[in-house]
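K.L.:
There's a structure below that I have some questions on.
The values are calculated or read from the model by the stated rules, or taken from the named source; none is laboratory data. For clarity, every value in this text was computed on a predicted model and none was experimentally measured. For neighbour counting, all protein chains shown are included, and Cβ atoms are generated from backbone atoms with ideal geometry for every residue, glycine included.
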Amino acid sequence: MGGYWNYYHDDYDWDDSREPCRSDPQMTLEELQKAGSSEEEARKYVDSGYVYNDTSGTIIDRYYGGLLLSTDLRTRFEIGEFGKWPAWLNNRVWVKAAASWADVYRIAEEAASKTRKRLLFRGQGRHYLINRAAPNPWFLVDGIGEISLVPSLWRKMLSRFTNKFPSFQGLSLLEWSLILYNGFDLEDIKRRHQEKVDKEGWGEMSLVAEATAMEECDDPVLAEFGKFRLDLLMGMEHNLATLLATLLQHYGLLSPVLDLTSSLEVARFFATHKFEKTEAGCSYEFNGTNGRQAVIYVLREEHREMQAHESQDPILKKLKPLRPQRQHCVVSTSSAYALNLPADFLEGVILLDFDDASSGCEYGTHCLLPDESEDRFLDALKKTRSTKDRITCFGKQSESPLSPSRFT
């Protein structure tokens, strides 16, 4: 099967030949030299992800800039101004070492008091950096470097290709239907539908016409299913595609979005638990502060580039995905021309400069990563023939029971 599942093939070429806007490395090289760069400098910039946009005549840092025509002197530049970094340039991201969890909460509270925007968090067992010959000085964090918050999809691409610019291709409407229809008793739906065919002469119809007929019929079960089908059909052309793409990320599949959380406790869990693959499946095991390497990133919420999990969306009301709800998930978007966009919203870094012998975390694995016996959406993913053989990270989770009060 092709489409989305191509991303999992080790020999996938990340085809971008049909993209309307595709950068030409040779053109970038030539334009930089015309603007005054030496050939050595120009090659360094090209290899580092700076690309020439021949429509606007600008240089874009593809890790942050986006395919826009405007300039901002940080991520998109008039070619004659590129590389002329101001002497006063000072990265605004703060770095603070915490000597205890009490310190962590105090630092977060102080940060929240200094901004009108909601703060979001991401916990990791260590830093990951963008290693390129020509880093963007606007994003160099003192004492750390250029922090990578590149989503999983682009990390997979960059491990093989650095000059590809594909758009994200998610699951097809058919594949999502196979998953989401698990919220209904399809055998009962088929029986009721056949009764309408036999008694009322329903004939061959288009998908939209059939769904409309169902929604408008006097059978409440068919009417509900018909409305659901219409919501799915219409939504895939608009906002629903983005919402469904975020679910891939929440359940461990490749996606162009990055998981963040509005809960510092959730970030604490992911900072102190190590993801492991075993023969029995995947699990998160407590790892403390990983030899004082663990960090919690603090980001400001940007509604234009982020999306909170919408548990009330009618498409999800039957299956109700639990993982994004319990993890208080907010996702940050990205693109082939803004690979590391989440890092543009970074406010600060909390270094966990202390040892942590016991979790003491409000949340545990069983709560944040419920298995299919509890999470109906995960169960539907595993039952769907088109996806079950490709989903490898939904094995038995290590137990960490919580009292019912944790869920209220």
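K.L.:
Please go through region 57-93 and pick out each residue that is among the aromatic types (Phe, Trp, Tyr) and within 16 Å of Glu146 (Cβ to Cβ).
P.N.:
Just the residues of region 57-93 that are among the aromatic types (Phe, Trp, Tyr), to begin with: 63-64, 77, 82, 85, 88.
Within region 57-93, Tyr63, Tyr64, Trp85 meet the criteria.
K.L.:
Let me ask you something else. Exactly one of these conditions fails for Gln169: (1) out of contact with any Asp or Glu (no Cβ under 9 Å at 6 or more places or on another chain); (2) surrounded by fewer than 19 Cβ atoms within 10 Å (Cβ to Cβ); (3) not in a loop (DSSP other than H, G, I, E, B). Give me its number.
P.N.:
(3)
Here's the yes/no breakdown for (1) part of a helix (DSSP H, G or I); (2) over 28 Å from Phe139 (Cα atoms); (3) of a type in the set (Gly, Ala, Ser); (4) modelled with pLDDT of 80 or more:
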position	(1), (2), (3), (4)
Lys318	no, yes, no, yes
Val349	no, no, no, yes
Phe354	no, no, no, yes
Gly360	no, yes, yes, no
Leu378	yes, yes, no, yes
Arg390	no, yes, no, no
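K.L.:
I'd like the full set of residues that are closer than 22 Å to Glu146 by Cβ, touching a helix residue (DSSP H, G or I) at 6+ places or on another chain (Cβ under 8 Å) and assigned to a loop (DSSP other than H, G, I, E, B), limited to region 320-339.
P.N.:
Those that are closer than 22 Å to Glu146 by Cβ, touching a helix residue (DSSP H, G or I) at 6+ places or on another chain (Cβ under 8 Å) and assigned to a loop (DSSP other than H, G, I, E, B): Thr333, Ser334, Ala336, Leu339.
K.L.:
Inside region 21-77, can you point out the residues that are aromatic (Phe, Trp, Tyr) and without any contact (Cβ under 8 Å) to a residue 24 or more places away in the chain?
P.N.:
Within region 21-77, Phe77 is the sole residue that qualifies.
K.L.:
I need the full set of residues from region 1-35 which are modelled with pLDDT of 90 or more, outside any helix (DSSP H, G or I) and surrounded by 13 or more Cβ atoms within 10 Å (Cβ to Cβ), in order please.
P.N.:
Passing the criteria: Tyr12, Trp14, Asp16, Asp24, Ala35.
K.L.:
Would you list the strands (runs of 3 or more DSSP E) that sit entirely within region 53-111 and hold 3 or more residues that are among the hydrophobic types (A, V, I, L, M, F, W, C) and surrounded by 14 or more Cβ atoms within 10 Å (Cβ to Cβ)?
P.N.:
Details: elements: 58-61, 76-78, 94-98.
Here the list reads 94-98.
K.L.:
State which residue pairs qualify: first residue farther than 16 Å from Ile60 by Cβ and inside region 129-143, second residue among the basic types (Lys, Arg) and assigned to a helix (DSSP H, G or I) in any location, beta carbons under 7 Å apart, and separation of 6 or more residues or different chains.
P.N.:
What qualifies is Ala133/Lys44.
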